[in-house]
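Read-outs: derived from the displayed coordinates by stated rules, not from any lab. What you see is a predicted model; the values in this text were computed from it and never measured. Every residue, glycine as well, gets a Cβ built from its backbone with ideal geometry; the counts of neighbours run over all protein chains shown.
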Amino acid sequence: MSVDQKMDSGRRTLLLATSAAGGAACVATAVPFVASLTPSERAKAAGAPVEADVSKLAPGEMMTVEWRGKPVWILRRTPEMLASLEKTDGLVSDPESEKPMQPDYAKNKHRSINPEYLVAVGICTHLGCSPSEKLKSGTESGLGADWAGGFLCPCHGSLFDLAGRVYSSMPAPDNLEVPPHQYLADSLLLIGDDGKA
C-alpha cells in the first residue's frame with residue numbers, strides 16, 4: 001500500500017467519525033426541540049374537561065369554575081328567573097340562540113340542557129371583559145324598576161338576561177358563550193365535553 005492510499009484511508013476514517021459525531025449532535029439537538037412541540041402536562045390539564053358538583057347550589061345562587069382559563073358560570077335559576085325569560089324575549093337580539101356559535105342544546109329560550117341551570121362562559125362577547133352579576137330584579141339591582149335580572153358588563157354597558165342573551169342595540173354582538181357540557185348525574189356537570197366528539 002502506498003503512502004497516498006494510507007493517507008486516503010486515514011482521511012476516510014476521520015471523515016466518517018466526524019460525520020457520525022455531527023449526526024449524533026443533530027439528533028441530540030432535535031429531540032428536545034421536537035419534544036417541546038408536544039403539549040405539557042400542565043397545558044393538557046388546563047384544556048381538560050372540568051367536573052362541577054352543583055348539589056349544594058341553592059335556587060338563585062351562582063358558582064364559578066375555571067375551564068381553559070375562562071370563568072364558567074353555573075346559575076341555578078328559580079321559577080321566577082325562568083319566567084323572566086318570557087319578558088326579555090322581545091328585548092334580546094338572538095332570543096332562540098340561532099347563531100351557529102352555540103351547541104344545539106343551547107338553541108332555546110333558556111339556553112341550556114336543563115332549564116334550571118344556566119352554564120355560560122362569563123366573558124363578554126364584545127371585548128372580553130367580565131360582566132358582573134345583577135341577578136336581582138327591579139330597583140334593588142341598581143338598573144331600574146323594569147330590570148328582570150341578568151348580567152351587566154361594566155366596560156361598555158352590555159346587558160345580558162338570565163339566559164346570557166344579549167339585549168338588542170348593545171356593544172356585545174353575541175350572547176354569552178355556552179361551553180360544551182353534559183350531565184354525568186343529576187347534580188354533576190362535566191364542562192368541556194358534551195360527548196359528541
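Pairs of C-alpha atoms in the stretch 72-150 farther apart than 21 Å represent 29 percent of all such pairs.
Residues VAL92, VAL121, arranged from fewest to most other Cβ atoms within 10 angstrom of their Cβ, appear as VAL121, VAL92. Extension gain, THR139 to LEU16: 0.36 nm times the residue separation minus the Cα-Cα distance gives 35.8 nm.
Fewest neighbouring Cβ atoms within 10 Å first, the residues LEU143, LEU118 line up as LEU143, LEU118.
Of all aspartates and glutamates in the structure, those lying under 18 Å Cα to Cα from LYS99, and not within fewer than 8 positions of it along the same chain, are ASP89, ASP161, ASP174, GLU177. Would you kindly give the portion of the calculated P(r) for the stretch 45-191 that falls above 29 Å, as a percent of all Cα pairs? The calculated P(r) of the stretch 45-191 puts 9 percent of pairs beyond 29 Å. For the residue pairs LYS87/LYS196; LYS56/LYS107; LYS87/LYS134, the alpha carbons lie more than 22 Å apart in LYS87/LYS196; LYS56/LYS107.
Go ahead and run the numbers for FRET between ASP53 and CYS155, Cβ-Cβ distance against an R0 of 35 Å, rounding to 0.05. Once the sixth-power term is evaluated, E becomes 0.65.
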